[in-house]
Amino acid sequence: METIISPSLLSADFLHLDRDIEMINNSEADWIHMDIMDGVFVPNISFGFPVLKAVGKACKKPMDVHYMIVHPENYIQQTADAGAALMSVHYETCPHLHRTVQQIHQTGMKAGVVLNPSTPVSVLEDIICDVEVVLLMSVNPGFGGQSFIEGTINKVKRLRELIAREGSHAIIEIDGGVQDETAPRLVNAGANALVSGSYVFKQKDPIATIHDLKILRPQNQL
Ligand code: DX5
Ligand code: ZN
């Protein structure tokens, strides 16, 4: 199976979002990654529903919405109404994660759980069969363009083992510092979806870069 690619809108040109959405529409990207930040859970603020709704109308790719906010459970219906296909919430923000996942599913969206770099995959044991996606942060959430945290490679392997052991079908998605050097190693370790922001958007030919990421398969050893 080819790798799922989800370009992150955070690195787009916000004065010309239409151009960047058009690029994503014309590319082999599978999803579009949307980062919602509240300045509380993470030390940054990004964008909210006006942007989500506008992108939902213009973008032909399913919206992969990553909430870095406290109380994401308060915004489930609004997220579905904006047209999101996947809503991912941080484990660290959801004391009642099982209920939140159920509520996401009730709207028809797929559910993802996100782990910060310091949160071990072992906390997922009792939720791994209920989610479609696990999003591993390979940087501390809040900003694009940060350096990849190397320990993520072994974390992907541990998550792959947990998924196999529990009989889950969850997709392993990685977010932060994904570029040409880290992407093949992540795919070899067992990742099947990659978010990429600054790396894709700084390229002269982002469509070709998305293609190069997309064709990565586990056998493409470095
Ligand atoms: C960071 C966000 C990421 C960000 C990734 O908190 O969750 O989605 O856009 O950016 P890059 O790919 O530049 O590390
Ligand atoms: Zn993200």
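Annotations for the structure displayed:
- Residue match in segment 200-215 (condition: surrounded by 17 or more Cβ atoms within 10 Å (Cβ to Cβ) and either of a type in the set (Gly, Ala, Ser) or not in a helix (DSSP H, G or I) (or both)): no
- From the list 192, 116, the one residue that fits, being over 27 Å from residue 45 (Cβ atoms), touching a strand residue (DSSP E or B) at 6+ places or on another chain (Cβ under 8 Å), polar (S, T, N, Q) and touching a residue at least 24 places away in the same chain (Cβ under 8 Å), is 192.
- Segment 1-24 residues that are away from ligand 2 (no atom under 16 Å from the Cβ), paired with ones that are of a type in the set (Lys, Arg) and part of a helix (DSSP H, G or I) (beta carbon under 8 Å, 6 or more apart): 2/214; 3/214; 13/19
- Just one of (1) crowded, with 16+ Cβ neighbours inside 10 Å; (2) more than 16 Å from ligand 2 (Cβ to nearest atom); (3) within 23 Å of residue 165 (Cα to Cα) fails for residue 116. It is (2).
- Positions within segment 50-98 being more than 27 Å from residue 120 (Cα to Cα), charged (D, E, K, R) and within 16 Å of ligand 2 (Cβ to nearest atom), in sequence order: 61
- Residues of segment 134-149 classified as within 11 Å of ligand 2 (Cβ to nearest atom) and in a loop (DSSP other than H, G, I, E, B), total: 6
- Selection over segment 1-59 of residues that are of a type in the set (Ser, Thr, Tyr) and within 13 Å of ligand 1 (Cβ to nearest atom) gives a count of 4.
- Residues being within 16 Å of ligand 1 (Cβ to nearest atom) and basic (Lys, Arg) are represented in segment 174-187 by at least one member.
- Residues of segment 25-37 that are among the charged types (D, E, K, R) and either part of a helix (DSSP H, G or I) or within 11 Å of ligand 2 (Cβ to nearest atom) (or both): 35 alone.
- Considering (1) closer than 21 Å to residue 108 by Cβ; (2) without any contact (Cβ under 8 Å) to a residue 40 or more places away in the chain; (3) of a type in the set (Asp, Glu), the lone condition that residue 30 does not fulfil carries the number (2).
- Some residue of segment 183-193 being of a type in the set (Val, Ile, Thr) and either closer than 18 Å to residue 116 by Cα or modelled with pLDDT under 95 (or both): no
- Condition met for residue 109 (at pLDDT 95 or above, closer than 21 Å to residue 8 by Cα and touching a Ser or Thr at 6+ places or on another chain (Cβ under 6 Å)): no
- Within segment 168-196, tally of residues that are surrounded by fewer than 23 Cβ atoms within 10 Å (Cβ to Cβ), in a loop (DSSP other than H, G, I, E, B) and within 16 Å of ligand 2 (Cβ to nearest atom): 1
The values are calculated or read from the model by the stated rules, or taken from the named source; none is laboratory data. This structure is a prediction, so every number in the text was calculated from the model and none was measured. Because the Cβ atoms are built from the backbone with ideal geometry, glycine has one as well, and the counts that use them run over all protein chains shown.
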